[in-house]
Amino acid sequence: MDNQRIAQMLEEMADLSEIIGENTFKVQAYRRAAEAIARLNEPVQAVLASGGSVPGIGKGIRTFIEGITLEGDSPELQRLRAEVPVDLIKLTRIPGIGPKTVARLWQSLGVRTLEEVKQAAKEQKIRSLKGIGAKTEMLLLRGIEKTEKPLERWPLMDALHLSEEICARLRKVPGVMRCEVAGSIRRVRELIKDIDLVVMTETAQTVAEHLKTFPGNIETVAWGAEKVTFKYGALQAVNVDVRFFSPTEFISGLVHFTGSKGHNVFLRQRAKEKGWKLSEYGLEDEQAGVLQSFQTEEALYAALSLPYLTPELRDIEVIGGETFWKEATEEAVQALITSSNIQGDLHMHTTASDGGDSIEAMARAAKKKGYRYIAITDHSRSLKVARGLSVEALLEHMKAIHAVEEKLSDEWGEPFYILRGAEVDILPDGTLDYPDDILEGLDLVIASVHTHFKQDKQEITERILKAARHPFVDIIAHPTGRLIGRRDAYALDVEALIEQAMRSGVVLELNSYPERLDLAPSYLHLAQASGVTIAIDTDAHNIAGLAWMDLGVKVARKALLRPEHVINTWAPEKLFEFLGRHRKHRRK
């Protein structure tokens, strides 16, 4: 059981306990434990089994975790599920509807099914309950309509974890020489229809037989010597397509099943122009009767006289699409940003607010990635749910950051810069969560929206534009506020924000966290064309989160971003000069 799944189980325990009216302290204990486990960098079950402890996990929750079965179930959770009607549990997944509201519907109206809730809403009975109102009634109706529709696509974040988990298991199957994730996941699409895996093996029949009893396989849809499709239970029965290739066919198969469809057509046409035929099995000279195989994807592209186009560049979402593929030169592709250009990460959180690791741990992990600087940007005071820092706490935090910077720079014998930053809430009226004298005293200020998402287009646009005009705001973080597949973007006029950024010089963020990927490629491309600077940040809440930088760079490449337009590719001196442009002090 991975930590995320255990955290989800504890959150469900909290929701169910709240619905049936358990005491508040018990509910909060479940939620605190879920949060602590989600931040851990090692399996919580292994920590507990070795006699270790985890902050926030007492005896009762420890017993719950130790009682989770190999099948990923819990007798205590099963008991609670049996007490609460299954349809009411589904209501807690509707944004804006919490366990307390569900409990009131159940206790006051006696509803037990989604159909009964819908009927109560249509008869306007729900709005009659004190403190609920017409807005919640409408949220329930719309939310139920969404839950009743089968989910056709899944957020990239879910699919990434799941596909790597399945591939890791497949690599341990006897006869499997290599397994790679392909399809839209490899091309970094935001929403995923199914999981495509490409397997190198000389014993396809044996591996296919194994997949019939593969853990998580709840239904074998298709079975054969070249392809197996099964439904995987961990993500609402997502289809997993596994395709088998021999060692000589594997690279051609990987390119083909990475796609996109349009890119494959382009490659086949390119081969045809040379008198060849390209398929998933290789590049064939039909006249000579020779089938050419490849050891690398780069070699296949070179055979077609093309620069190597990395998977994210093969997506139709790439700006320019087919025109880009046709006109791409080695020089043009080499000019795009790569992970090796990144010199630091300017958005991360520590245990000072809602992060899971210390300042020093984050800095050491960043140094291992080859960075020259980072910014510690814990949350500001208004965001209570993230343990935002008061002014007094922030000032102490700044001292702690400086102390770690000095310690590590001395230890490593060269400067490693840790910027004293903050992620400061943009309040509903566009003002910032700290006074100006505090903002000016920071090395870097990231401004972002975390509340009042439902403001109309004019309100939320002016709110963010006001922050973008502020002289001490350096970066607007996750500008549209979307959570892919879970929450729509604000009603923000992004073009107006880009125009404001062009005038005021504020940086716009590409937040690399896979649930956000915000800004999207089309807006990033427009920003670059307008002369606006971008920051590619991870918003990491623990050292593991720093790895999302590579994903952000891939999204940036879809927008054809070049490194000179990305602030965290700059050398420290250039970065500090920019950050000090409106401040009395400047980092050295």
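Values in this text are rule-based calculations from the coordinates and carry no lab data. Worth saying up front: this structure is predicted, and the values here are computed from it rather than measured. Methodologically, a virtual Cβ is constructed for each residue, glycine included, from the backbone with ideal geometry; neighbour enumeration extends over all protein chains shown.
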In whole angstrom, the spacing between the Cα centers of the range 469-528 and the range 553-588 equals 16
Debye calc, one equal point scatterer per Cα of the chain, no solvent, log10 I(q)/I(0) at q = 0.12 1/Å comes to -1.39
For the pair His402 and Phe324, the simple spin-label estimate (label points 7 Å beyond Cα toward Cβ) gives in nm 4.5
Compactness check, the range 151-247: C-alpha Rg relative to the 2.2 N^0.38 Å globular estimate gives 0.99
Kirkwood-based Rg/Rh on the Cα set of the range 3-148 evaluates to 1.04
Per the Cα gyration tensor, the range 14-55 corresponds to an equivalent ellipsoid with semi-axes, largest first in Å, of 25, 10, 8
Of the listed links Lys399/Lys457; Lys135/Lys558; Lys100/Lys146, those spanning more than 29 angstrom between alpha carbons are Lys399/Lys457; Lys135/Lys558
Inverse of <1/r> over all distinct C-alpha pairs of the range 417-519, i.e. the Kirkwood Rh in Å, gives 13.7
Taking 0.36 nm per residue of separation between Glu495 and Ala168 and subtracting their Cα-Cα distance, the length gained on full extension comes to 113.5 nm
At q = 0.11 Å⁻¹, the log10 of I(q)/I(0) for the range 101-178 from a Debye sum over equal Cα scatterers comes to -0.50
Any residue on another chain or 5+ positions along whose placed amide H is under 5 Å from the amide H of Phe294 is listed here as Ile251, Ser252
antiparallel share of DSSP beta bridges within the range 339-579, to nearest 5, in %, is 10
Of 569-576, 29-36, ordering from highest average Cβ density within 10 Å down gives 29-36, 569-576
As straight-line cross-link partners of Lys59, the qualifying lysines (C-alpha separation under 16 Å, not fewer than 8 residues apart within one chain) are Lys26
Taking a straight Cα-to-Cα line shorter than 13 Å from Lys407, and setting aside same-chain aspartates and glutamates fewer than 8 residues away, one finds Glu360
Quick P(r) readout (the range 368-415; Cα-Cα; 5 Å bins; whole %) gives 5, 17, 23, 19, 14, 12, 8, 2
Here the tail fraction of P(r) beyond 23 Å, over all Cα-Cα pairs of the range 229-358, rounds in percent to 50
Rounded to the nearest 5, the percent of DSSP beta bridges in the chain running antiparallel is 45
Of all DSSP beta bridges with both partners in the range 151-247, the antiparallel percent, nearest 5, is 75
Close lysine pairs (the range 151-247; alpha-carbon distance under 17 Å; 8 or more apart or on separate chains) counted at 4
Cα extents of the range 190-262 along the principal axes, largest first, in whole Å, come to 34, 33, 15
Across the alpha-carbon set of the range 503-588, Rg over Rh with Rh taken as the Kirkwood radius works out to 0.99
Here the relative contact order (percent) of the chain, from C-alpha pairs under 8 Å and at least 6 apart, is 9
Share (percent) of C-alpha pair distances in the range 339-579 greater than 27 Å works out to 27
Only helices counted: for the chain, with every DSSP H run of 4 or more residues adding -39500 (n - 2.57) and the sum spread over all residues, [θ] at 222 nm is -12500 deg cm²/dmol
